[in-house]
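Taken together, the values in this text are just the output of simple stated rules run on the coordinates, not laboratory data. Bear in mind the structure is a predicted one, so any value in this text is a computation, not a measurement. Counting neighbours? That spans all protein chains shown, and the Cβs are built from the backbone with ideal geometry, glycine included.
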Amino acid sequence: MEIMPAENEKVKLLGEFISRDKFSDEAWNKRGLNPSAPEMSSFLGSFFNDCALNLTGMIESGTKEKKLKLYLKSSLRSLNRWDYDTEEKEFICDLFMELAHIVGVDIRRMMNRWLYGYVLVFLMELVRFIRPERVLERHKERCSQCNAEMEVLVLKKGERITPRTWMILQCGACNGYDLHSDQENSRLTRYVNCHPVEYLPKDEYSHEQALIRLEQVRYFRKH
């Protein structure tokens, strides 16, 4: 069966995912963590490679996104969340997020339930239902390294308390770094599939200086 260019790209990205040593000491260090036990890292490495291989076969056979999503959900459920500490669970969810992005499905709600538990997620959703979050602006960006979508949501606007800044954001899908400007008159923001790692005041950093700092962050956090 001939697959379309979009599916070819997914297969290529899954192959790159498989070839990467996802739980190497370097990968843990990039997250600012000490490596987990070698047995656990080895198990999780094999687990995620199997997931990616199965997804590759499903895509090549023309499986619909709905079934790809069900497969990822069942794979996530197969891991006992109590076997992992908080940092390990967050690492696991980041890799599931990467796989979900590659194949074009959304499993964020399921990941939240696995990460935090059904009761806590239910309470969080109940609070949002009673006091819905009002999003004034949505600013979408694409990660320059993996093309994942990142969003900066402006929840409150008004006279600024702090000076305007450049932000170095870390992608939630691939952990890559990009430079973004904060939004004018924003006083409260929330980040989706990314988080800020450094704020660079614009009265101290020009755009060129901020780009230099971005390259420094990319280099020193990689090595």
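At a glance:
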quantity: Counting all C-alpha pairs of the range 5-121, share separated by more than 17 Å (%); calculated: 55 percent
quantity: Added length on full extension, which subtracts the Cα-Cα distance from 0.36 nm per residue, E137 to F220; calculated: 26.6 nm
quantity: Fewest-first sequence of S74, S181 by Cβ atoms within 10 Å of each Cβ; calculated: S74, S181
quantity: Additional length obtainable on full extension of the chain from R20 to Y191, 0.36 nm per residue less Cα span; calculated: 58.9 nm
quantity: Taking L214, L169 and counting other C-beta atoms within 10 Å, the order from fewest to most; calculated: L214, L169
quantity: Stretch gain in nm, segment K156-S42, where the contour uses 0.36 nm per residue and the Cα spacing is subtracted; calculated: 36.6 nm
quantity: Cβ-Cβ FRET estimate between L79 and L211, R0 fixed at 41 Å, reported to 0.05; calculated: 0.55
quantity: Signed unit charges on C-beta, dipole axis of the range 5-121, positive-most listed residue L76, N49, L13; calculated: L76
quantity: Residues whose placed amide H lies under 5 Å from that of L155, excluding near-sequence neighbours; calculated: L136, L188, T189, R190
quantity: Anchor K22: aspartates and glutamates whose Cα lies under 15 Å away (excluding residues fewer than 8 positions away in-chain); calculated: E39, D50, E87, E88, E90, D94, E98
quantity: Ascending count of other beta-carbon atoms within 10 Å, so fewest first, for K10, K202; calculated: K202, K10
quantity: Rh (Kirkwood; distinct C-alpha pairs) - the range 1-66, Å; calculated: 13.3 Å
